[in-house]
Amino acid sequence: MSLIKRQTIKTVAISTSSFFYFSKIIALLSLVALVLLVVRVYFSNQLAVSGSRVGYSESKLASFNKEKFDLENQLSQKSSLSYIEAKALSAGFIRIGKVEVIKGSGSVALGQ
Amino acid sequence: MKSWRFTFLKLFFVFLLAGLTARLFYWQIVSYERLAVAATEQHLTTVRIDSPRGRIFAADGNLLVSNQTAFLLYASIPEIKKDLEQGETYEKRIEAIVNQIQPVLLEEEISKLREPGKLSRRDKETLSANLTLKIVSQLLMPEVVWVPLANKVPLPTKEKIGALRVKGLGFENQSERFYPEGTLAANLLGFVGKDTEGNDKGYLGLEGFYQDQLQGQSGKLTQEVDASGHPIIAVDTTAAVFKNGLDIETTLDRTVQYTLEKYLFDSARKYGAKEASGIVLDPRTGQILAMANFPAYDSGKWEQFKDVERRNSAISTIYEPGSTFKVITASAALDTGAVKTDTICPCDGPIKKSGYEVQTWNNKYNPNSNMAQILQHSDNVGAAFWAEKLGKTAFLEYLKKFGLGAKTDIDLQGEETGLIKKSQDWSEIDLVTNAFGQGVSVTSLQMASAVSVIANGGKLMKPYVVRKIITPEREIVNNPKEVRQVIKPETAGIMKELMLSAVEQGEAKRIIPKGYRVGGKTGTAQIPLGGKYDPNKTVASFVGFGPIEDPRFVMLIKYVEPVPIYGAETAEPTFFKIAQELYTYWGIEVR
């Protein structure tokens, strides 16, 4: 009888000790899972914010590119020869009638 | 009691499981395709990446052709229908939409016309009715959800339509060609129209020749997005292949082009010429510095012009060169040794060949003329004398060596070959008439290129317009290419002096500005009509180069049907007006 009791006590003791052992592991794993979950939530949040930033940057880039393109076009239009000629004429410049070629290396009076 | 509750619980779970299975079956099997598409649409976004057409630059780096944003106006039929008020029909709503947008689009369409101010009231009404019909028929198309209403709408028009706040209408970005220099070099640049599938495509000139390089390839970028539509950067994106059109840099000098056009167009109007063309090229490299045609057209309004107005007649129209061709005959005869500068031509009267009589242009004769005198008097009999000394075989061989009767292979779309009769088709008269440019046809470019041989020490250079293609990785440079040595350098030297004397002692010597040492030759060719030559309709031209010591440019000026009819009175004065400007521009010393 006492032998049976002793064996029972021993079995219960072993079961109890393994139960505590597994529950410790489960608790530890749960903790790890919880930490990972928090990390995941944190990084997902960060990525979502970054995505928003990327979207904003992309739209800004497109807008700057368009502005650059428009400015280049404006610049080329304002530096076109027909535009410059029209501006020069309106500013009072006149087309030269005859080209005078001054020869020789000496000083030349310009009729001033 | 206990057993009943247990059975109920079991049945509950069985039905629950059956319900879930049925629902999953519905989602996974029955509605799979629809839901998969919906899911993809929800978490993936596709962005169209437009690849703009390559730009075209002048030699100084200034833009000749660029792109600007335009808009495609479209209608979404479901959105229009969704917005219908109670009792309102779709047709009634269309009528309202047309009444709102049609006047704005009509105004835009009229502004694009070649001469909007000259539009009659009746034409305007027709235009308006056609536009209304077009919009209505698009909106009434059966079984469509999206219809384009107007292409390439400019920003101001887009803003006007946007301000109307019409439900169901929207805009998509498009790109259209932009010409900062207006109509400058339009015939050389070509234009961008549509291909059979409605895509942009370049036609004629540079746009046509470099279509493959200039055209970009649009693509799509697919990326995963979050609930707010922002891209999720941790997930890979997939991009369909796309590439921007390549930019090209030309050899065109804006100032030379502008000067050429200014004087050529003004003079063509003054002489009442039907057509005119002009070319300025660098004989040392073959680079085209300027090329112009009259009447000019506007590449941005290309639909408003006829095919004949859009072509580059400097390379696409052939003509009989007349007396300018004598310099080719003279070069060949000198190079072979058939004649020398002091060889005397009897030249005392008309010559008869195969029943035809060959006369001088004014029926005056200059007996015992040497080469210089024959060129100065532009003597047809003298040129025939050289050709007969040279012989048919050698003459034909030299024409080929000068690049006549064959394309120059310039990098422009639409080049013609010219017309030189085959050896076996030649009669006795052909040798004589070809000697002074009759019965032979060339393009203006061929003629300018042939004369550049004389200006460049006897070497023929391949003419070209694009000197650089700019890819993202590198620049592909188009270097000058020597085609062949056509005549000996000594022959070229003698010809330069002969052409200088032809200018200084020629028919138009009074108009030559002092100190401008330019070699050249006039040409006045009657226009063949129905097998005969019309004496009052001519092609008047002048081809020359300067400065004579080290030619920097070769220029050809040509008028079709000018009044007066002679090259010496029309093309030559224009040549010298432009040459004076070029001398000043390049700082060439006047002696």
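The values are calculated or read from the model by the stated rules, or taken from the named source; none is laboratory data. Here the structure is a predicted model, which means the values were calculated and not measured. Quick reminder, even Gly has a Cβ in these numbers, built from the backbone with ideal geometry, and neighbours come from all protein chains shown.
With respect to (1) surrounded by 22 or more Cβ atoms within 10 Å (Cβ to Cβ); (2) modelled with pLDDT of 95 or more, the lone exception for B:Asp266 is condition (1). Just checking, does the stretch B:466-473 include any residue being free of Cβ contacts under 8 Å to residues at least 24 places away in the same chain, out of contact with any Gly (no Cβ under 9 Å at 6 or more places or on another chain) and among the β-branched types (Val, Ile, Thr)? Looking for residues that are free of Cβ contacts under 8 Å to residues at least 24 places away in the same chain, out of contact with any Gly (no Cβ under 9 Å at 6 or more places or on another chain) and among the β-branched types (Val, Ile, Thr), one finds none in the stretch B:466-473, hence no. Restricting B:Leu113, B:Leu72 to residues that are part of a strand (DSSP E or B) and either loosely packed, with under 13 Cβ neighbours inside 10 Å or away from chain A (no Cβ under 14 Å) (or both) narrows the list to B:Leu72.
Scanning the stretch B:564-591 for residues that are within 16 Å of B:Arg269 (Cα to Cα) and of a type in the set (Lys, Arg) turns up just one, B:Lys577. Any residue at all in the stretch B:37-45 that is in contact with a Leu (Cβ under 6 Å, 6 or more places away or on another chain), within 14 Å of chain A (Cβ to nearest Cβ), in contact (Cβ under 8 Å) with a residue 12 or more places away in the chain and surrounded by 11 or more Cβ atoms within 10 Å (Cβ to Cβ)? Checking the stretch B:37-45: not a single residue is in contact with a Leu (Cβ under 6 Å, 6 or more places away or on another chain), within 14 Å of chain A (Cβ to nearest Cβ), in contact (Cβ under 8 Å) with a residue 12 or more places away in the chain and surrounded by 11 or more Cβ atoms within 10 Å (Cβ to Cβ).
For the stretch B:518-535, the criterion of being of a type in the set (A, V, I, L, M) and without any contact (Cβ under 8 Å) to a residue 24 or more places away in the chain is met by at least one residue.
Here B:Ile94 meets each of (1) over 45 Å from the mean Cα position of the chain (by Cα); (2) surrounded by 14 or more Cβ atoms within 10 Å (Cβ to Cβ) with one exception, condition (1).
Looking at the structure I just gave you, is B:Arg484 outside any helix (DSSP H, G or I), among the basic types (Lys, Arg) and at pLDDT 95 or above?
Details: outside any helix (DSSP H, G or I): yes; among the basic types (Lys, Arg): yes; at pLDDT 95 or above: yes.
Yes: the conditions hold for B:Arg484.
Test B:Val308 against the stated conditions and say whether it is of a type in the set (Val, Ile, Thr), part of a helix (DSSP H, G or I), in the same structural domain as B:Ile410 (by TED's automatic domain parsing) and surrounded by fewer than 24 Cβ atoms within 10 Å (Cβ to Cβ). Answer is yes for this residue. Within the stretch B:505-545, being of a type outside the set (A, V, I, L, M, F, W, C), surrounded by 15 or more Cβ atoms within 10 Å (Cβ to Cβ) and not in a strand (DSSP E or B) holds for B:Gly506, B:Glu507, B:Pro513, B:Tyr516, B:Arg517.
The stretch B:156-204 holds strands (runs of 3 or more DSSP E) entirely within its bounds, and those carrying 3 or more residues that are over 25 Å from A:Leu81 (Cα atoms) and away from chain A (no Cβ under 14 Å) map to B:169-178, B:200-203. When B:Asp409, B:Asp379, B:Asp342 are checked against the criterion of being under 22 Å from B:Tyr566 (Cα atoms), among the acidic types (Asp, Glu) and at pLDDT 90 or above, B:Asp379 stands alone in meeting it. Restricting the stretch B:561-591 to residues that are more than 14 Å from chain A (Cβ to nearest Cβ) and not in a helix (DSSP H, G or I) leaves a set whose member that is nearest to A:Ile96 (Cα to Cα) is B:Thr570. Checked against the criteria, B:Arg5 does not count as surrounded by 10 or more Cβ atoms within 10 Å (Cβ to Cβ) and either under 30 Å from B:Val104 (Cα atoms) or away from chain A (no Cβ under 14 Å) (or both). Sub-9 Å Cβ pairs linking a first residue in the stretch A:33-62 that is at the interface with chain B (Cβ under 9 Å from one of its Cβ atoms) to a second residue that is exposed (fewer than 10 other Cβ atoms within 10 Å of the Cβ), at least 6 apart or interchain, are A:Ala48/B:Ala227; A:Ala48/B:Ser228; A:Gly51/B:Ser228; A:Ser52/B:Ser228; A:Gly55/B:Ser228, ordered by first then second residue. Being at pLDDT below 95, more than 28 Å from the chain's Cα centre (by Cα), surrounded by fewer than 18 Cβ atoms within 10 Å (Cβ to Cβ) and in the same structural domain as B:Gln526 (by TED's automatic domain parsing) holds for only one residue in B:Gln424, B:Gln438, and it is B:Gln424. All conditions in (1) at pLDDT 95 or above; (2) within 14 Å of chain A (Cβ to nearest Cβ); (3) surrounded by 17 or more Cβ atoms within 10 Å (Cβ to Cβ) hold for B:Tyr210, with the sole exception of (2). Has the stretch B:467-476 got at least one residue that is in a loop (DSSP other than H, G, I, E, B), at pLDDT 95 or above, within 27 Å of B:Glu249 (Cβ to Cβ) and polar (S, T, N, Q)? Checked against the condition, which is being in a loop (DSSP other than H, G, I, E, B), at pLDDT 95 or above, within 27 Å of B:Glu249 (Cβ to Cβ) and polar (S, T, N, Q), the stretch B:467-476 yields no hits at all. Scanning the stretch B:116-147 for residues that are outside any helix (DSSP H, G or I) and either touching a Pro at 6+ places or on another chain (Cβ under 9 Å) or touching a residue at least 60 places away in the same chain (Cβ under 8 Å) (or both) yields B:Val144, B:Val145, B:Trp146, B:Val147. Inspection of the stretch B:344-364 finds no residue satisfying the criterion of being surrounded by fewer than 19 Cβ atoms within 10 Å (Cβ to Cβ), farther than 22 Å from B:Gly439 by Cβ and touching a residue at least 40 places away in the same chain (Cβ under 8 Å).
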